[in-house]
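Q: Sharing a structure with you now.
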Amino acid sequence: MNSSLRLRSGQLPVVVFGTLGLHALVALLAPYLPLLPTDAQNSAALLQPPSAAYWLGTDSLGRDVFSRVLHGGRPSLVIAFAATGISAVSGIFIGALAALAGGWIDEALSRVVDFMLALPTLILLLLISSFFGQDPVILSLALGFMYAAPIARVARSTTQALLARDFVRVARLQGGSRLSILTGEILPNVWRVVFTEVTMQFTWILLAFSSLSFLGLGASPPTPEWGLMIAESRSYMTLNPLLVIAPILMLATLVLAIQGLVDRE
Amino acid sequence: MKDLARRVIFSLTTFVALAAVSFLGVDALPGDGCTALLGRFGSPAKVEACRAENQLNNPVLVRLRDWSYDLARGDLGYSIKRDEQVLKIILPRLRNTAIMGAVAALLAFPSAIAVGLMLGRYPRSRIGRAINQLSVIAMTLPEFVIATMLWLLLSIWIPLFPGVNVVPSNATVLQLLPNVWLPALTLAAVIFAHAMRTMRASVAIIQTMPFVESARLRGTKERVTIARHILPAALPPVVNVIAVDGAWLLTGTFVTEAVFNYQGLGRLAIDAISDRDTALILPIVLFGLAVYLAASLSADMCVRLLDPRLRTAGQ
Amino acid sequence: MSVNADNVPDPTPVLEFSDVSVEVRNERSRSRAILDSISLRIEHGETVGIVGGSGSGKSTLLRLAAGVFSADLVLVHGRVSTVGTDLLGATLAEREKIYGSVVALVAQSIGEALTPHLTVLSHFRDTVGREVQNEQLLQSLAEVGLVGEKYLKRFPHQLSGGERQRVLLALALARSPQLLLLDEPTSALDAGIGTAVLATIKRVQQIRGFALVCVSHDLGVVSQIAKRTAVMNAGRIVETGATAQVLQAPAHAYTKVLVSSIPKLDQRVRESSSRKSEAVIVCRNLTVVRGGATRAIESLDFEVKKGEVVGIIGESGSGKSSLLAAICGLVPVTSGTLHSGDGYDLSTALHLRPRRILSSIQMVFQNPDDSLNPARTVAQSLSRYTHATNDQMCAGLRSVGLDEQFLSRRPREMSGGEKQRAAIARALLSNPQILLLDEVTSALDVTVQAAVMKTLAEVQQTMEFALVIVSHDIALIASFVDRILVLRNGRLIEQGLVANVIGSPADSYTRSLIEISAQRVLV
């Protein structure tokens, strides 16, 4: 039968959780670690290769790459968590409500969700960030509401499937209120599927913000952010390849670890 | 048929509604075509003169009505900043993006279906696992990372393709061709994984259905089983993926075009947004919308064709 | 009987299992024995049935005979020889030669055994190739009882269950195999249709002379087409012999339990009682419409008295499930009246009913896997809406034959019978006046079914609620209830005391149901 293509099934969770843990630690603790300041320019030491003073070398303005790389995940992670939180809560609420209520409420909500799914999200993001400045609050809200639609759709279909199951019918027969059935029967069986969707959204939003920063419309200089760093240092690749490789590695390992978390389900 | 008609009508109304919303939304953004043209150096008097000349002072609803009429007649408007008809600006860019998208689609989709089919049918092969891991990586890495890595690999370290595009947007197709490959490869890498994994998962599910084994145990040859029994049954989810990703190839490629400076629609969109050229932004947004809605509808129709149960419902 | 070149009957068996033991081994759990020292020898032209409950290993045995071996199975020792070839050790090319032309497997037609996007004609073409003429295909179809060109152009979803099974049969026989393997050929079909299909299989086998192995959980199915029967339990063959003998004079203890568990029309498992009491459900001229235009129930008059046990018999589409659903409020009433005994209007929507009405009518459903919330323990499922105390739950479990330790178990750790018992206990905790059972034992092994029915009889006698049982199995109903209703296409055909309806049925439909049931265990 269909095997799930794990590499080494015993070791994989360790790698995945280890990576995620490390990233979490680094992102949380970076400001408190004894690192060189991320915006300290040193015109005497531009584009240096790795040395004792600068572990990964310096960039085009003489800033310490190592320190910038460790701080580089924070902006996108903050926005990703905020936006995912907004989209998950609103998405699950709308989806489950639509399925439970049925009738015209379901129709209306589904139309709204379809409408939102049709929106060209990336263009909208570009527009919003370009015109309204790169305010993280606005961006989080915008991302959150745009990405609520896919979650709402998944929540609705899973809830609908559940409503047809016998144990839910029994709950109704025994007098369970809609709220009680929602929390008791539906949510415990729905969260797994929705969790997968939410995690994928988290990754999407993380990458969307990094891409925005890459295009110059997300995090603004001198904030250290991986996408921004890659854009800034592209031209200097040949002089110090770590300028581009280090942020790529950080981004790649984080995203792959999250994917590994989801794939195991 | 009735259901299909409903879908078409819904798509059209969505389009019209979103078009109106987009117009109003873009209009609400700070600045307009005149401030884009004159920038910081425009004195208020000059800006007012420009606005009067271009009828930008009319009430919003009047402008919406005029714009809708123009749109219906195929006139996409006029970009003040670029001093050019919008249609003339967009068409060559569209052509370039379409070429790049077509190449990417041809590279990615057929191979994704074939590989997905094989991996789904024979999950235990070593090559299969390797391809799967690689595609997971390709799927999760952001587009700009893949673009940058491919640029490094195939333009800097192994100088195979030109790294950055210097050909103008209205160059001939032949002149464009060398510059198409790197962006197309990037896009192909991004979409290959999605389509392949969807196919693989779909085949894995179909395989467990009784009719596959039933066919084999009656004496149906393996090749025939895969081609006639498994493939059509496994295609519907992949059709949806191809539609959505195909739409994306026309509307969502700004990052790749930015990396390679490819003069396509995406690059134009970024420039237009940076320049605050609202007359240009709006048609591009609407184009994205129309493509997505059309792709959705086509996917629906294809799925209907594949599954006789949906065709003959009611018999 | 197959003959070799010299026209002498072929002495090699068409299928032979020599001391075969098989285990399942996967990374997570320990290895578990599926088959234990199986030895079985089947000659050309023989018809053999293999009977056993779920988990007996019968399906695995059949699939081994077909050379189908899933990845987590390990052949510990023994050899399986199908038409002289060890299929398990054969290469793909060798197996491809044998499939279809020498051996064919007809799987259960639950779900889709026919490819949904291909016509019947395409199915044939893929099996027999392009050279065979359409006329020959039409002949194959006629042989299995499907007469007419229209069948070739149909898609599977345009065929009924019985028609699909016949097409599968024709396809399997298209290349004249020497051995036909049948896996639960009628479990998804109504009794009457199933019997007809079995009759067709028997007729074709007698004409064509191939060997036949039929696996089923239902001794009645096997008895209609197999001369010899093997009984399996927990991976072993516990008894083999002529079918008639196994049915009438079983030797092994398990077989005895199996045969005695089969419901028989003339054997009561519960004393009937006929008390004069007041009605607890009254419905007059009830009509229920589902999904647009389908009239699930049409102008039904029906009553249930306090403490009575009523059985509703009907085939699929008879409206029996809809009737129960309407009574407990899951489905709206379209027209007619439906009252409880004290006058409460039962057409009120579920969320408007007061608590006392809700708890007075409870229902248990068919699918044991769906009855309990998989994310919860039994204790949580039992108490969440009934607010039962621990003591009450223990008493409830005991009354259905479950031990206290089940309180902390989750559904995935429980068998089908245990889950249904828990579901019944949950329903009883509401202290209902009326308990509705919708095919609650249809998915269980016949031995488990007998045990659950026995428990039900005991509990009903103690708690004295009215019991309405719905089933497609008329023998099950006749052996248990006080009063019977026969439904067909949403209409009430006949009702009355068991003795009257079964002894002298008024309607021909009832008569045919009784005849079909009687045929099944007749040898």
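The values are calculated or read from the model by the stated rules, or taken from the named source; none is laboratory data. Small disclaimer: the values here were computed from a predicted structure and weren't measured. We place every Cβ from the backbone using ideal geometry, glycine too, and count neighbours over all the protein chains shown.
Q: Is it true that some residue in the stretch B:219-227 is over 30 Å from C:Leu179 (Cβ atoms), in a helix (DSSP H, G or I) and at pLDDT 90 or above?
A: So far as the stretch B:219-227 goes, no, none of its residues is over 30 Å from C:Leu179 (Cβ atoms), in a helix (DSSP H, G or I) and at pLDDT 90 or above.
Q: Within the stretch B:270-308, how many residues turn out to be of a type in the set (Val, Ile, Thr), free of Cβ contacts under 8 Å to residues at least 60 places away in the same chain and out of contact with any Asp or Glu (no Cβ under 9 Å at 6 or more places or on another chain)?
A: So the answer is 2.
Q: I'm checking my understanding of the structure. Among residues of the stretch B:116-142 that are free of Cβ contacts under 8 Å to residues at least 40 places away in the same chain, outside any loop (DSSP other than H, G, I, E, B) and among the polar types (S, T, N, Q), which one is nearest to the other protein chains (Cβ to nearest Cβ)?
A: Restricting to residues being free of Cβ contacts under 8 Å to residues at least 40 places away in the same chain, outside any loop (DSSP other than H, G, I, E, B) and among the polar types (S, T, N, Q), the top hit is B:Thr140.
Q: Scanning the stretch C:336-358 for residues that are more than 7 Å from chain A (Cβ to nearest Cβ) and touching a helix residue (DSSP H, G or I) at 6+ places or on another chain (Cβ under 9 Å), which turns out surrounded by the most Cβ atoms within 10 Å (Cβ to Cβ)?
A: Among those residues, the one meeting the criterion is C:Leu338.
Q: Output the residues belonging to the stretch A:152-207 that are within 14 Å of chain C (Cβ to nearest Cβ) and among the aromatic types (Phe, Trp, Tyr).
A: Within the stretch A:152-207, A:Phe167, A:Trp191, A:Phe195 meet the criteria.
Q: Shifting gears a bit: Got a sec? Which of C:Val459, C:Val481, C:Val470, C:Val446 is in contact with an Asp or Glu (Cβ under 6 Å, 6 or more places away or on another chain), in contact (Cβ under 8 Å) with a residue 60 or more places away in the chain and closer than 19 Å to C:Arg268 by Cα?
A: Criteria check complete, one pass: C:Val470.
Q: Considering only the stretch A:238-255, state which residues are touching a helix residue (DSSP H, G or I) at 6+ places or on another chain (Cβ under 6 Å) and either farther than 23 Å from A:Phe66 by Cβ or within 7 Å of another protein chain (Cβ to nearest Cβ) (or both).
A: A:Val244, A:Ile248, A:Leu251, A:Val255
Q: Hey, can you tell me all the residues within the stretch A:218-240 that are in a loop (DSSP other than H, G, I, E, B), hydrophobic (A, V, I, L, M, F, W, C) and either surrounded by fewer than 22 Cβ atoms within 10 Å (Cβ to Cβ) or without any contact (Cβ under 8 Å) to a residue 24 or more places away in the chain (or both)?
A: Within the stretch A:218-240, A:Met237, A:Leu239 meet the criteria.
Q: Okay, next question. Taking helices (runs of 4 or more DSSP H) that fall entirely within the stretch C:458-523, which contain at least 1 residues that are among the basic types (Lys, Arg)?
A: In the stretch C:458-523, C:508-520 are the helices (runs of 4 or more DSSP H) which contain 1 or more residues that are among the basic types (Lys, Arg).
Q: Turning to a different aspect of this structure: Looking at C:Val76, C:Val80, which one is in contact with a Leu (Cβ under 6 Å, 6 or more places away or on another chain) and either in a helix (DSSP H, G or I) or more than 14 Å from chain B (Cβ to nearest Cβ) (or both)?
A: One residue alone meets the criteria, C:Val80.
Conditions tested, residue by residue: (1) surrounded by fewer than 16 Cβ atoms within 10 Å (Cβ to Cβ); (2) more than 14 Å from chain C (Cβ to nearest Cβ).
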site: B:Pro162; (1), (2): yes, yes
site: B:Val167; (1), (2): no, yes
site: B:Val180; (1), (2): no, yes
site: B:Ala188; (1), (2): no, yes
site: B:Ala195; (1), (2): no, yes
site: B:Met199; (1), (2): no, yes
site: B:Ala234; (1), (2): no, no
site: B:Val238; (1), (2): no, yes
site: B:Ile242; (1), (2): no, yes
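Q: Name every residue in the stretch B:219-232 that is closer than 18 Å to C:Arg130 by Cβ and crowded, with 19+ Cβ neighbours inside 10 Å, in order of residue number.
A: Within the stretch B:219-232, B:Gly219, B:Thr220, B:Thr225, B:Arg228, B:His229 meet the criteria.
Q: Now for a separate question. Would it be correct to say that B:Val145 is assigned to a loop (DSSP other than H, G, I, E, B) and within 23 Å of the chain's Cα centre (by Cα)?
A: Against the criterion (assigned to a loop (DSSP other than H, G, I, E, B) and within 23 Å of the chain's Cα centre (by Cα)), B:Val145 does not qualify.
Here's the yes/no breakdown for (1) among the acidic types (Asp, Glu); (2) within 21 Å of C:Ser70 (Cβ to Cβ):
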site: B:Ser111; (1), (2): no, no
site: B:Ala114; (1), (2): no, no
site: B:Met118; (1), (2): no, yes
site: B:Arg121; (1), (2): no, yes
site: B:Arg124; (1), (2): no, yes
site: B:Ala130; (1), (2): no, no
site: B:Thr140; (1), (2): no, no
site: B:Glu143; (1), (2): yes, no
site: B:Ile146; (1), (2): no, no
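Q: Are any residues in the stretch C:367-387 more than 14 Å from A:Asp166 (Cβ to Cβ), more than 8 Å from chain A (Cβ to nearest Cβ) and surrounded by fewer than 21 Cβ atoms within 10 Å (Cβ to Cβ), and if so, which ones?
A: C:Thr377, C:Ala379, C:Gln380, C:Ser383, C:His387 - these are the residues of the stretch C:367-387 that are more than 14 Å from A:Asp166 (Cβ to Cβ), more than 8 Å from chain A (Cβ to nearest Cβ) and surrounded by fewer than 21 Cβ atoms within 10 Å (Cβ to Cβ).
Q: Would you list the helices (runs of 4 or more DSSP H) that sit entirely within the stretch C:102-161 and hold 2 or more residues that are in contact with a Lys or Arg (Cβ under 8 Å, 6 or more places away or on another chain)?
A: C:120-128
Q: Can you find even one residue in the stretch C:309-317 that is assigned by TED's automatic domain parsing to the domain that holds C:Lys454, assigned to a loop (DSSP other than H, G, I, E, B) and more than 19 Å from C:Ile502 (Cα to Cα)?
A: Within the stretch C:309-317 (the criterion being assigned by TED's automatic domain parsing to the domain that holds C:Lys454, assigned to a loop (DSSP other than H, G, I, E, B) and more than 19 Å from C:Ile502 (Cα to Cα)), the answer is yes, since at least one residue qualifies.
Q: How many residues are of a type in the set (Gly, Ala, Ser) and either more than 18 Å from B:Thr97 (Cα to Cα) or touching a residue at least 24 places away in the same chain (Cβ under 8 Å) (or both) when one looks only at the stretch B:259-269?
A: The number of residues fulfilling the criteria is 2.
Q: So, in the stretch B:263-289, exactly how many residues are within 10 Å of chain A (Cβ to nearest Cβ) and within 15 Å of the chain's Cα centre (by Cα)?
A: 8
Q: Quick check on my filter: what residues within the stretch A:220-237 are polar (S, T, N, Q) and within 12 Å of chain B (Cβ to nearest Cβ)?
A: Within the stretch A:220-237, A:Ser233, A:Ser235 qualify.
Q: How many residues, within the stretch A:78-94, are out of contact with any helix residue (DSSP H, G or I) (no Cβ under 6 Å at 6 or more places or on another chain) and within 18 Å of A:Ile258 (Cβ to Cβ)?
A: Selection size over the stretch A:78-94: 3.
Q: Restrict the check to the stretch C:60-75 and report whether at least one residue is under 20 Å from C:Ser21 (Cβ atoms), of a type in the set (Ser, Thr, Tyr), surrounded by fewer than 17 Cβ atoms within 10 Å (Cβ to Cβ) and without any contact (Cβ under 8 Å) to a residue 60 or more places away in the chain.
A: Yes, the stretch C:60-75 contains a residue that is under 20 Å from C:Ser21 (Cβ atoms), of a type in the set (Ser, Thr, Tyr), surrounded by fewer than 17 Cβ atoms within 10 Å (Cβ to Cβ) and without any contact (Cβ under 8 Å) to a residue 60 or more places away in the chain.
Q: In addition: Please go through the stretch B:253-262 and give me each residue that is away from chain A (no Cβ under 11 Å) and surrounded by fewer than 24 Cβ atoms within 10 Å (Cβ to Cβ), ordered by number.
A: B:Asn261
Q: Additional query: Of (1) within 12 Å of chain C (Cβ to nearest Cβ); (2) crowded, with 17+ Cβ neighbours inside 10 Å, B:Val145 satisfies all except one. Which?
A: (1)
Q: May I pose another question? What tally of residues in the stretch C:145-166 results from selecting those that are away from chain B (no Cβ under 11 Å), in contact with a helix residue (DSSP H, G or I) (Cβ under 6 Å, 6 or more places away or on another chain) and more than 25 Å from C:Ala443 (Cβ to Cβ)?
A: So the count comes out to 4.
Q: Could you count how many residues in the stretch C:173-225 are of a type in the set (Val, Ile, Thr) and over 25 Å from C:Leu258 (Cβ atoms)?
A: Residues that pass the stated criteria total 3.
Q: Would you mind stating whether A:Leu141 is within 27 Å of B:Gly25 (Cβ to Cβ) and surrounded by 20 or more Cβ atoms within 10 Å (Cβ to Cβ)?
A: Criteria not met by A:Leu141.
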